[in-house]
Structure formats: C-alpha cells, structure tokens
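Right, one structure below, let's go through it.
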Amino acid sequence: MQLSLIEAAIGLGVSAFAGFVANDVQTAAAVLVLLIGLKLLATDDRMYVLQAAYAFHWLETSIGLIYRLLTGREVPTFDVDYRPAVWISLGCCLALAIGIRAGLTLIKRRDDDAPRPEFAMSMGFVVSAYVVATVFESSLISLQEMYPSLRQIIVTADTARLGILFLLFRRLVWPVPRWTVIAVVLTAEIALGLTGFFAGFREPLVLAALAIMEIFDRRNVRHWAALAVAGVFATGLGMLWMSVRSEYRSNYVTLDNFEVSRQRRFENIESLSRQWLRGDSTVMWESADKLVDRMWPVYYPALAMQRVPDLIEHSHGEILVTALTHLVTPRIIFPDKPMLQSDSEKVRKYSGVMVAGLEQNTTIAFGYASEAYVDFGVPLMFLPVLVFGLIVGGLYAYFSTTIRHRDLCVAFTTVTFWTSIYLFERSWAMMLGSTLGMVIYLGLPTVLLDRVLLMREAGRRRTDAHGLDPAEGASYLN
C-alpha cells in the first residue's frame, strides 16, 4: 500500500469540506476515518469485500452524522450526548482497519507459478447447487431448534448458500454481464428475503454488487448504473422494511399457518408495501428517519458511557473473557454450557434502560465497541479490536493464497469476510463465533475441495500428455 501526496491532499480536502459544510469536526473526522480505512484495506486481487465490509461497518458508526449533513434532519440519538460514543466507534473502525492491514502484511501471500484455474465448477453445477440450497434452506434453519448443539454448524451451512449465490452472480457477470438474468435472480432473492422474519434482502444486493465490482470498468456507464441502482434499491428496501416490519412480524407470529406459508407472507408484504408506497413525502421522510435511527446503534452506548465508570465500574475484561470461553467450548462437545448474556440484558445493566429482551423474542444491540469500553475503557479497549483485525487480515491473506481456484477463492473470501466484519453492532461473542465458524466449517472444506480438484486436473493433464483417452482421466465438477 502506497499513499501519494495527491491522495493525501484529496482525502484531507474532502474531510475538511465535509466538516465545514456540517460545521462539525466529528463529521470531518468520520469522513477521514472512512478514507483512511478504504486505503488501508485496498488489495491487488480485484476482490473488494474488505473495503465493502469496512464501509458498512463504518456507516453504522457515522450514518447519523452523514444523514444530518445531507438532509439537515436529526434522529433521536442526537437528543443524548452521542459524541463520546461516536469517537470510540470511529477509534474502533480505525483500529480494525490498521489490524487487518497488519495481518495482510505479516502473512505473506505467495506469488508462485502454480496454476490458478478460473473456474472449479461448470455453470450447470452452480445452478443446480443454488436451486438445491434454496429449496432446502428453510428445512436447514428449522434444524437449529431441533439440534441446538449443532447450531453453529447449521448457521454456517446456511451461510454457505450465500457463497453459492455469489458463484452464480459471478458466472452471470463474467465475461459479459447478463443483466436480465441477474435482475431475475436478484428479484427472487429479495422476495425470499422480505418474506423472512429478519431483513434477508441485504446480502443478495451486496453480493451482486461485489460480483460486478470484480469486472468493474470505470469507463462503462452500465457498470456505474448497476451499482447506482443497487444502492438506491437497497436504501428503498431498507425504508420499506423499517415501515412495515412491526405489523409484518406481528402477523408472522400470531396468524395461523403464516409462518409456514411463504405465499401468505408474500401477500402480506405486498399489501403492506402498497400501503407504504401510497404515502406522502412525510411518510417517506419518517421511514428514512427510522432507517437511519436503526442503523446508527450509538444511543445505548452513549448512555452506557455516562454510567461507566462513574456509576458502574469497568468489568476488567469479563465480557471478552466470557466470549472467548464460549468460543473454545463448542456446544457440540459441551451441550450443557450456559447461554450467553443477551445484548438486551447488557443494555439494561450498563445503559440503564429497560429495553425489550428475550421475553419479547428480541434483542437490542449493544455491540463489541460498547463491550470493549465497559471491559477496559479508553485507550485499552482498542487493543482487542486491533488483535481481531490482525487475525482477520492474516486469515484473508492465507485463504486468498491457499485456495487456488479463482471462483472458490473469491466466493469463500467474499462471504466469510463480509459476514465477519460488516456489522458494527455485533457483540464479541457473535463476531468471534461467526468468524471461527466460517473458517472451520466452510474454509477448511473449501481448501480440501480445491486440493481434490487440483489433483484431478493434474491427473487429467498427465493422462492427456501420455496420449490416453481424456475420458479416462479426471474432470472438474460438471
């Protein structure tokens, strides 16, 4: 990574301009942290997942500031002393980016002459795998309640479907994008996401955008248009979801057969969406306010910082140690291990607000940054974030080198490192558990599959070299 004088000047200029327009030094600092992080996480492999995940991570720390800058509107978080919480959030973003860059640098990626095939699987195989994974997704999710000790394995297996979806998007954009087919697949995925209990439409949009970025041509207007449409569509869907989710979830829980009937859920979403679209500008602005307020998880951390350590002492690493203990004692081996304290309970204890919790089948985000502050305070709280980033960067460097097939490599790294770091509001236990689960239950099998396919291809080449019938040799999955 090299930073030119021109790049530094542009970055400082953009940050200063944003701060001047907003009349707020914190807005200038937020923009600068974003630009520094994007530069630190730039790689030369045409994979942009680290930068995309970091940008979303950063967005959750600063979206309220950017929203106020662009629209002049304020959300409820501005009613509290939010600034200390934003400062530590930006510090965590910067520590994460520095840690990842250090990990990328320390784990040297090999540059050898070993073959790096572009595709491991045929298009037909990818389509078949996608259809099968989609059909059985709901059955896989239901197994979590039946076999709680296998929850992490099942969650990772379900996440693997996103990897297959990304493989499909990647084949549809390479070498020439098939926009109509991409739009059909994306529409179907968004419909599936909207008819779940949670907002499952975000990941398909992100994966489609990342697939386009791999072949992105700055001189191609269609590529710019595709990314712009994806961004606008994602914002619109977010506003829609924030407006209809309460009534939709109430129906999901209370109506007979609603949970098991996707058609009824789709009809309900369609009806609620029509009502929302008929709303005036006031309704739209209220929806935008709700979306920003939901995506800016600073309110409760700000309240916690007012109480810790003045009213409640720092926990001296208790939360992080508990998360690490939970991580190294998998439920499949220790089925009787206790459940972790929910985020809602942490909010109640440290923020002093009686928020909804497990009794209402929900949880209110507290986030790893708040946990780190409660554990250690400033500045020690940034050390575990730095170490986590170091691990993430090292893992990225290792897998991006070790997995030789380009499509397997891109699919695994995209899904794994997006899910590992894109959420700022995630707790230590969730963030560490997700990363480890993806590495063990998805990364190692992917490496094994990659090696098997490489050996089969090497055998096929040896067979061809000896003049034998290629049909007697090995072939890729097709």
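Would you be able to say whether some residue in the stretch 352-370 is part of a helix (DSSP H, G or I), under 15 Å from ILE319 (Cα atoms) and of a type in the set (D, E, K, R)? No, there is no match, as no residue in the stretch 352-370 is part of a helix (DSSP H, G or I), under 15 Å from ILE319 (Cα atoms) and of a type in the set (D, E, K, R). Taking each residue of the stretch 303-319 that is in contact (Cβ under 8 Å) with a residue 12 or more places away in the chain and under 12 Å from SER370 (Cα atoms) and looking for partners that are loosely packed, with under 15 Cβ neighbours inside 10 Å and β-branched (Val, Ile, Thr) with beta-carbon atoms closer than 7 Å, six or more apart or interchain, yields LEU303/VAL353.
Among the residues of the stretch 145-194, those that are of a type in the set (Ser, Thr, Tyr) and at pLDDT 85 or above comprise THR180, THR187. Of all residues being over 21 Å from the mean Cα position of the chain (by Cα), hydroxyl-bearing (Ser, Thr, Tyr) and modelled with pLDDT of 75 or more in the stretch 121-144, which is farthest from ALA188 (Cα to Cα)? Just the residue, please. Checking each candidate, the answer is SER122. For the stretch 336-350, filtered to residues that are within 26 Å of the chain's Cα centre (by Cα) and hydroxyl-bearing (Ser, Thr, Tyr), the residue that is surrounded by the fewest Cβ atoms within 10 Å (Cβ to Cβ) is SER342.
Pairs meeting the criteria (first residue in the stretch 68-84 and in a helix (DSSP H, G or I), second residue among the charged types (D, E, K, R), beta carbons under 9 Å, at least 6 apart or on different chains) are ARG68/ASP24; ARG68/GLU74; LEU69/ASP24; PRO76/ASP289; PRO76/ASP293; THR77/ASP293; PHE78/ARG68. A single entry from PHE366, PHE376 fulfils the requirement of being aromatic (Phe, Trp, Tyr), within 22 Å of the chain's Cα centre (by Cα) and modelled with pLDDT of 90 or more: PHE366.
The values are calculated or read from the model by the stated rules, or taken from the named source; none is laboratory data. All values derive from a computational prediction rather than experimental measurement. Counting neighbours? That spans all protein chains shown, and the Cβs are built from the backbone with ideal geometry, glycine included.
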